[in-house]
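Asker: My questions will all concern the structure given below.
The values are calculated or read from the model by the stated rules, or taken from the named source; none is laboratory data. Because the structure is predicted, anything quoted here is derived from the model rather than measured. So basically every Cβ, Gly included, is an ideal-geometry build from the backbone, and we count neighbours across all protein chains shown.
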Amino acid sequence: MIKQLESLVSVHGHFARWERVKHRALTIIKIRFPESHPLQHAVDSICQDVEEGRKIAERIFAEFTQKHGAIRGVINGFVFNSPTELFQSSPDKYWDCPEYTISIDCQRRKSLNLTSVACLHILEPTGKIFLASVGSLLDVPQASTKKKLEKDCERMQRHLKRIKICPKQKVGVLLCLQHVGLPRETSSAILQFLV
């Protein structure tokens, strides 16, 4: 029982991180791009793939509480009054930036800064880590969900390559890298790797 509970607590830690990263990415996409943009569809697909893992974790935790009794208290620094709250998306627990409401006719930039690109890049490994932790609870690996996530992540990467990056930030990064003594070619290669 203790080992299974430790595994569930570990999965919850990955879930909490996934929720923060997911909300940041969805907020960035919502602010910068219209709903019909392909990058928004790719990010939504990634979130749907990982949502399947959340449902599995929720089901496993429900089976655990049915077998061993309800658990309340503090887990990974979060207070839970009900066992059903553990794998539920909760703005007051997991989100670290506010939710935005965008009007229908709002003009969007359709470009990203380097911080936004980093938030979108971290979406893939965080989702994979959460799904792997859920998979460790199961006897059968989730091959179909993993393949689907890989495909959607590749699609997001393709769309990210087409997005404009703020030119001021590119120049700033190049100047910083050259200031520390790196040759221009090396600085350019590092910037190309980042975006």
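Asker: Restricting to segment 165-195, name every residue that is touching a residue at least 12 places away in the same chain (Cβ under 8 Å), of a type in the set (Val, Ile, Thr) and surrounded by fewer than 15 Cβ atoms within 10 Å (Cβ to Cβ).
Answerer: Quick first cut of segment 165-195, residues touching a residue at least 12 places away in the same chain (Cβ under 8 Å) only: 165-166, 169-170, 173-174, 177, 187-188, 190-191, 194-195.
Of the ones still in play, those that are also of a type in the set (Val, Ile, Thr) are 165, 173, 190, 195.
Passing the criteria: only ILE190.
Asker: Output the residues belonging to segment 1-50 that are of a type in the set (Gly, Ala, Ser) and in contact with a helix residue (DSSP H, G or I) (Cβ under 7 Å, 6 or more places away or on another chain). Give the steps one after another, and end with the answer.
Answerer: Pass one, segment 1-50, residues of a type in the set (Gly, Ala, Ser): 7, 10, 13, 16, 25, 36, 42, 45.
The answer is SER7, SER10, ALA16, ALA25, ALA42, SER45.
Asker: Another one. Would you mind finding the one in ARG162, ARG155 that is farther than 28 Å from LYS3 by Cα, loosely packed, with under 10 Cβ neighbours inside 10 Å and at pLDDT 85 or above? Don't jump to the end; show me each part of the working.
Answerer: Numbers: ARG155 fails: loosely packed, with under 10 Cβ neighbours inside 10 Å.
Step by step, each of ARG162, ARG155 is checked, and only ARG162 is farther than 28 Å from LYS3 by Cα, loosely packed, with under 10 Cβ neighbours inside 10 Å and at pLDDT 85 or above.
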